[in-house]
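What follows is a set of notes on a single structure, which appears directly below.
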Amino acid sequence: MDQTSTAFTTPHATTADSATTTAARAVETRGIEPVPAHERHGRVRELFPTWVAANISVLLLTMGAGLVVFNRLSLWQVLLVAGCAATVSFGMVGVLSVSGKWGGAPGAMLSRATFGVRGNYFPGAVLWVARFGWETINAVTGAYALLTILDLLFGVRQNNLLVVVTLVGFVATTFLVSGMGRAVLNVCNRWSTYVFGAFSVLVLGYLVVDTDWGSVFDRPTGSTAMVIAGIGTIAAGGISWVPTGPDFTRYLPHAASGRKIVGATVSGAALVFVPMVLMGAVMAVATPDLASAADPVSFLGDVLPTWLAVPYLITALVGMLLINSLSMYSAGFTAQTMGVKLPRALAVSVNAVISLVGGLLLMLVAKSFYGSFITFLTLLAVSFSAWIGVYAVDMFRRRALAVRYDARGLMDTGRSSRYWYVGGFCWQAMVAWGLALTAGLCFTKVDWFTGPLAASWIGRNGLGWAATILIAAVSFALLPRPREGAGAAPTGPRAMARS
């Protein structure tokens, strides 16, 4: 891939001073401002453990169980669904992540170049709210894992006070890790990959020996419609990471390979994604109730022996903490882009507080975790997909026309900004985004909302998210190409770098 990047340098810091300062600090202090070229010392291989860690969640076991219990799929169909979902969703994550190394900025910030300085607030607000929900789901799952560990080890039964204590502890730890920043997250991701991988092999080995494989393989084949719907449901979690993909590539040098970025992203996610969905499907054959359990974790104490369930849950707990930390890390950038006047580490606190309140409601008030989770995933996929379609077209236009991201233009929120467009809005992007979001909701059916097109083939097969991306992309591509401000950075072959 070819694309240009802008090196954004601060006026009063030398290259040596900046590098020394960055290396010396344990806490990442850089916020939404683009990373200068001389500070881009990241390596593509760091993305592999990042996306492994982003998928270490027992929710994948529950989702795999749902494919067997609710979609009535066979094991081979579950394997197909898991493989397709991982490839499609994290393929999009990887491709759009390349823009991070082009512009050196988080996805929420680069989105200003697409929607305009003021226009970016609208999709940004939707993504921010969706991020609250994702972090709430993860926090609740982590708290349930801790409650299950306490029950298995010490016989401590769940009560409202213990729910509050475990949830507060999980969210507080997440806030601490995400606040530390990229360097700490990279170390945690790497070690969690090793440990969780080892215990997952043990669990797989136990299932191979203990499972009645005749019952597993004798399951009838489900319908094609349920396979397609399953791919959409499982892919929704991966789709939620697409806007944050550039956040983890902005420290990569300009010359980093785009193909390797995509490869590391997809392979890292699939390494965990596919086996865990399959494990959930296998477990559901013997214990079908796990797909609709009151919480998504406690069933492991029934399916696995205590000597294996406890260490596996502990490593899964660490994984879920890292998932939430990665999400909150990106949420800090979104908060700053939305105008929160706090350093990145403190901006994370906004999401931490909201996920704590939402988690308490979900654990103490909601009657069905699985129902709430699937409803959330469905709405999450649609809300993120509208942004994806518009952003992807803008990104590939920049590559084709050799139009680079301008660092100073991204930071400038006034009329002089390169991305001011008309009154601060790129009306073409806003129209395409709004149209796609509305259409996507029309195809959507959840517990408390049914769109007018939910009974259509697209709606019945859970493809509202795919239709949303397509409508957004086609609409934006067909509208007149936006013209950036007069203060634009240079374009053309000399402004480009091989990726």
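Since every read-out is calculated from the coordinates, none of them should be taken as a lab result. Computed from a predicted structure; not experimentally measured. Cβ coordinates were reconstructed from backbone atoms using ideal geometry, including for glycine residues, and neighbour counts include every protein chain displayed.
Take the Cα atoms of the chain, find their three principal axes, and give me the spread along each one in whole Å, biggest first.
67, 53, 39
How high is the FRET efficiency from Arg408 to Val365, r the C-beta distance, R0 56 Å, rounded to 0.05?
The calculated FRET efficiency here is 0.75.
For every helix of n ≥ 4 consecutive DSSP H residues, a contribution of -39,500 (n - 2.57) applies; sum these over the chain, divide by its total residues, and give [θ] at 222 nm rounded to the nearest 500 deg cm²/dmol.
Taking each H run of at least 4 residues, the total per residue is -22500 deg cm²/dmol.
For Leu479 and Arg397 in the same chain, what is the full-extension length gain: residue separation times 0.36 nm, less their Cα-Cα distance, in nm?
Full extension of this stretch gives 28.2 nm more.
What three numbers, in Å, describe the spread of the alpha carbons of the range 133-213 along their principal axes, ordered from the longest?
Result for the range 133-213: principal-axis Cα extents of 43, 36, 25 Å.
Percent of Cα-Cα pairs per 5 Å bin, from 0 to the last occupied bin, for the range 161-318, please list those.
1, 6, 11, 16, 18, 17, 13, 8, 5, 2, 0
In degrees between 0 and 90, to the nearest 10, how far off the longest principal axis of the chain does helix 59-69 point, with axes built from Cα atoms?
60 degrees
Equivalent ellipsoid semi-axes for the range 255-328, as square roots of 5 times the alpha carbon gyration tensor eigenvalues: give them largest first, rounded to whole Å.
30, 15, 11
Tell me, how many Å apart are the Cα centres for the range 26-52 and for the range 97-112?
That distance is 12 Å.
Could you work out how much longer the chain between Thr173 and Ala125 gets when fully extended? Use 0.36 nm per residue separation minus the Cα distance between them, nm to one decimal.
Contour length minus Cα-Cα distance gives 14.7 nm.
Please work out how much length the chain gains when fully extended from Trp448 to Thr224, using 0.36 nm per residue of separation minus the C-alpha to C-alpha distance, in nm with one decimal.
Full extension of this stretch gives 78.0 nm more.
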